[in-house]
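Just so it is clear, none of the values below were taken in a lab; they were calculated from the coordinates. These figures come from a predicted structure and were not determined experimentally. Note that each Cβ is placed from the backbone with ideal geometry, even for glycine, and that neighbours are counted across all protein chains shown.
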Amino acid sequence: MTNDSCIPENLRRSKARSDEMLEWLRGKGKTIIIIHDNPDPDCLASAMALRHLLAMKLNRDAIITFSGMIGRSENIAMAKALDITLTPLEIVNLDEVSAVCMLDTQPGTGNNSLAPDHRVDIVIDHHPLRDATRTCRWVDIREDYGVTATILYEYLLAHNITIGTKLATALFYAIKSETQDLGREANRPDRNAYLRLFPLANKRLLYQISQPKLPVEHFRTIHSGVENSTIYGKLLVVNLQAICFPEVVAEIADYLIRLEGIETVLSMGHYNAGVILSLRTTSHQINAGEIIQRLVSDRGTAGGHGMMAGGKLDNIPFEPTALKEVEDFLTRGMLRELSIGDVLPCRLIAPR
């Protein structure tokens, strides 16, 4: 990369931005990387890539931290197969940390457990910029990218850093899963990264990650989701009631968005005194991230982008009346947002 005229614009941008970040980090002490409370492939791969970048350029190790749990079978398989070491944020002494990095999440989004008033130094994400992020020391937000992992891949590429098989597998799988094999919100940088990483990825490990054995709870949840789905024209609302882990809400939304005639799915489930939300759409005429933030309003937190979004309503007791009120409140909001007027709701599966 000696001739700048031969370097694509996005890689020049990635080189310049990562140079600034590395210069700021140079000489700092203990560094942590914070990802989602319930990590998905994008944040797992992004964290692996940033950790590798810091090791190669600064000879520095970084601790990948999270709260919550990994529940989805594919994500558990990914962490295990690729030897991704994760440390609970709760056991980290933040007073000893010199640099706090956030990947694929931002301060105040509700999907990470760092205290809202705690300092965050570095944010790298592909979701819309949050007001709280503006106060961070170093920020690289690229809403035009479908995957945060693509940004980190470009950092490595711009610095001519060798990408090993496991890291290549992680980055490829992140792009594959986040964009549904480039079919959802993938832009040119994501496509380029996908095609370049595929030959480097370990296909046996990819199979292990994408086709894991599934616990019986997975099939029980699908059964519950199908039985508790209501259709309003092109909108489907599913209330899973009690759930074992938060990621299942998005998993069911991804599953039901494939139903013929449905353009938008709102999925919800009760977990730890709150209601987890996931919104999926195949329509390019609406913005899922903006809709879910209006839906949640001041009752919780939410975020996302064009075709996929998530959120949480706080302080909801696990009681039939409370869950019914939440479902009705959210359904009214969705019907209003999608301009769905008088439509006769019908259950996906008729009650017995």
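Distance cut-off 26 Å, Cα to Cα: go down the list Lys28/Lys176; Lys80/Lys203; Lys15/Lys203; Lys176/Lys213; Lys234/Lys324; Lys234/Lys312 and report the pairs above it.
Long pairs (Cα-Cα over 26 Å): Lys28/Lys176; Lys15/Lys203.
In region 116-258, what % of DSSP beta bridges are antiparallel (nearest 5)? Taking every DSSP beta bridge within region 116-258, about 50 percent pair in antiparallel fashion. Restriction of the trypsin sites (Lys or Arg not before Pro) in region 22-76 to DSSP coil positions whose beta-carbon has at most 14 other beta-carbons within 10 angstrom yields Arg26, Lys28. Between region 110-139 and region 244-305, how far is it from one alpha carbon centroid to the other, in angstrom? One Cα centre to the other: 22 Å. Residues whose amide H comes within less than 5 Å of that of Ile64, counting only those at least five positions distant or on another chain, are Ile33, Thr87 (H built at 1.01 Å from N in the peptide plane). Summarising the amide proton neighbourhood of Gly274: residues at separation of 5 or more, or on other chains, whose placed amide H is nearer than 5 Å comprise Ile316.
May I ask for the distance between the Cα centers of region 9-25 and region 151-230, given as a whole number of Å? Each part reduced to its Cα centre gives a spacing of 25 Å.
Per-residue ellipticity at 222 nm from helix content only, as computed over the chain with -39500 (n - 2.57) for each DSSP H run of at least four residues, stands at -12000 deg cm²/dmol. Restricting region 199-272 to trypsin sites (Lys or Arg not before Pro) that sit in a DSSP loop and have at most 11 other Cβ atoms within 10 Å of their own Cβ leaves Lys213, Arg258.
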